[in-house]
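The values are calculated or read from the model by the stated rules, or taken from the named source; none is laboratory data. Small disclaimer: the values here were computed from a predicted structure and weren't measured. Quick reminder, even Gly has a Cβ in these numbers, built from the backbone with ideal geometry, and neighbours come from all protein chains shown. The accessibility values were calculated without ligands, DNA or RNA, using every heavy atom of the protein model including side chains. Shrake-Rupley method; radii C 1.70, N 1.55, O 1.52, S 1.80 Å.
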Amino acid sequence: MAKTLIIGGGGFIGGHLAQALVRDGEQVDIIDNFSRAVRDPFFQELEKLENVNIIGVDISSLGSTSQLSYDYKYIYQFAAILGVQHVLQRPYEVLLKNVLIQTKAIELAKQQKALQRFIFSSTSEIYAGSLKHMGMPIPTPENVPIALTELDHPRTSYMLSKIYGEAMCQHSGLPFTIVRPHNLYGPRMGMAHVLPELMKKALPLPQKGKLEVASVNHRRAFCYIDDAIKIMRELVSNTKAVCGTYNLGNQKQEITIGKFASLVLEAIDRSDLEIIFLPETPGSPERRCPDMTLTHKVIGKFNFIDLKEGINETYKWYAKNVFSKGGVSAI
């Protein structure tokens, strides 16, 4: 039985990955300090399973990794301080903590007896400087030169910590794979994302009310979480992806935020609402879309979940677990 460690496994991506691995009979250990992730019903079901072990610690504060196992076949590193609010208010802590987390994760990976892959979750944010300064192509391939936004801007801290994390992988001597997620969505994604935010704003509005939506002409390529997990696992199981960096997303489902909002209203049965255009959100890129050519060279053709179906499934989960019960989501 393969043994996998998921660092930051209580969050959105890590939780869904753990569920998929457990469903396939794998042994999964999860490290998370639950500072942002929560033990919601989704996670409580995971905890009940025999082949899941929850380690409730902050890996960055561990004096030693000796309390952890040395027989992991795969280590996924998802842990980081993220979120616009945290990044803007605590940029120094974002830089320091994210590098400490990555340092401990790599230290642990190097101690493994037969590690096959160390998987680091980077971010599409690392392209922000390239977009601003270099006329970056969109859809964006992984090999575009990386430029920085202004170092004194708090938002640069998160991007810079991820660039540093990628560089640490490159020079670690580990069999690594780096993924750069692009607009993943789905059940248990928290509330600080465009989809749950739109649902939460629209549901209580009166009949034929007005839904205010910012940056309606900005374009994003959305990828359902189940598809993202399948792509990651395909990359991890393929030796061609060792020491490679890959976009993680769905290039074919690029859409404007305005049209996306219309699909959300259709899913929640509130098409009676009028969408009111607000100004563009400061600092938000006009377009973001991954070039998935390199990823598909490794994993082959892939049948993605339709955007409308993904939105519907996401709403069903939020309606059952958050909106009707006053519950909480992962982050």
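Remark: spin-label model distance V84-V57 equals 3.6 nm, labels positioned 7 Å along the Cα→Cβ axis. Comparing S35, S157, S130 in a Gaussian network model of the chain where C-alpha atoms under 10 Å apart are linked, the largest mean-square fluctuation is found at S35. The trypsin sites (Lys or Arg not before Pro) of the stretch 162-258 meeting both criteria, a DSSP state outside H, G, I, E and B (loop) and at most 12 other C-beta atoms within 10 angstrom of the site's C-beta, are K208. How about K252: which lysines have a C-alpha closer than 23 Å to its C-alpha, ignoring those fewer than 8 places off in the same chain? Hits, sequence-local ones excluded: K230, K297, K301, K308. Against the set (i) 36, 30, 16; (ii) 31, 24, 19; (iii) 26, 23, 19, the structure's computed semi-axes √(5λ) of the Cα gyration tensor in Å falls on (ii). Oblate is the label for the stretch 1-69, because the ratio a/c of its alpha-carbon gyration tensor axes (a ≥ b ≥ c) is 1.5 or higher and a/b is not greater than b/c. Ligands, DNA and RNA left out, the 1.4 Å accessible surface of the chain is 52% carbon and sulfur atoms.
Sparse packing (at most 13 other Cβ atoms within 10 Å of the Cβ) combined with a DSSP loop state is found for the following GluC sites (Glu not before Pro) in the stretch 1-81: E50.
Pull out a ≥ b ≥ c, the square roots of the eigenvalues of the alpha-carbon gyration tensor of the stretch 266-316, then state rounded if a/c is under 1.5, prolate if not and a/b is larger than b/c, and oblate in the remaining case. Mind showing how you got there, number by number?
Values: a/c = 4.14, a/b = 1.39, b/c = 2.97.
In terms of gyration-tensor shape, oblate.
Among residues other than R117 whose Cβ falls under 15 Å from its Cβ, what is the net charge (Lys/Arg +1, Asp/Glu -1)? Taking every other residue near R117 into account, the sum is +3.
Residues M136, M191 ordered from highest to lowest accessible area at a 1.4 Å probe: M191, M136.
Of the GluC sites (Glu not before Pro) found in the stretch 252-331, those that fall in a DSSP loop while having at most 16 other beta-carbon atoms within 10 Å are E280, E286.
For the chain, what is the accessible area per residue in Å² when the probe is 1.4 Å?
Values: 15080 Å² over 331 residues.
Ligands and nucleic acids excluded, the figure is 46 Å² per residue.
If I take R0 = 45 Å and measure r between the Cβ atoms of K132 and E50 in this structure, what FRET efficiency does the formula 1/(1 + (r/R0)^6) give, to the nearest 0.05?
Numbers: r = 50 Å, r/R0 = 1.10.
Calculated transfer efficiency: 0.35.
Please label the shape of the stretch 1-117 as rounded, prolate or oblate, based on the square roots a ≥ b ≥ c of the eigenvalues of the alpha-carbon gyration tensor (a/c under 1.5 means rounded; beyond that, a/b larger than b/c means prolate, else oblate). Here the stretch 1-117 falls in the oblate category. Derived value for the stretch 207-331: Kirkwood hydrodynamic radius 16.6 Å. Basis is the mean of 1/r over every pair of different alpha-carbon atoms.
The H on the amide N of T149, modeled in the peptide plane, is under 5 Å from the matching H of G129, each at least 5 residues off or on a different chain.
For the chain, what is the relative contact order in percent, using Cα pairs closer than 8 Å and at least 6 residues apart in sequence? Intermediate results must be reported in sequence, preceding the final value.
Numbers: 616 pairs, mean separation 62.6, N = 331.
Once normalised by length, the contact order is 19 percent.
Maximal additional length on extending the I146-K208 stretch stands at 17.7 nm, based on 0.36 nm per residue less the C-alpha distance. In a Gaussian network model over the chain where Cα atoms closer than 10 Å are linked, find which of Q44, Q77, Q27 has the largest mean-square fluctuation. Answer for the Gaussian network model of the chain: Q44. The listed residues L88, L151 rank as L151, L88 when sorted by accessible area, largest first, using a 1.4 Å probe. Remark: the stretch 85-185 is approximated by an ellipsoid whose semi-axes, taken from the C-alpha gyration tensor as √(5λ), come to 25, 18, 11 Å, largest first.
Applied to the stretch 240-257, the Karplus parametrisation 6.51 cos²θ - 1.76 cosθ + 1.60 on θ = phi - 60° returns per-residue 3J(HN,Hα) values of 5, 8, 5, 6, x, 10, 9, 5, 10, x, 9, 5, 7, 10, 7, 7, 6, 4 Hz, with x for Gly and Pro.
Sequence-ordered 3J(HN,Hα) estimates for the stretch 303-310 from the Karplus curve with 6.51, -1.76 and 1.60 and θ = phi - 60° stand at 8, 7, 5, 4, 4, 4, 5, x Hz, glycine and proline given as x.
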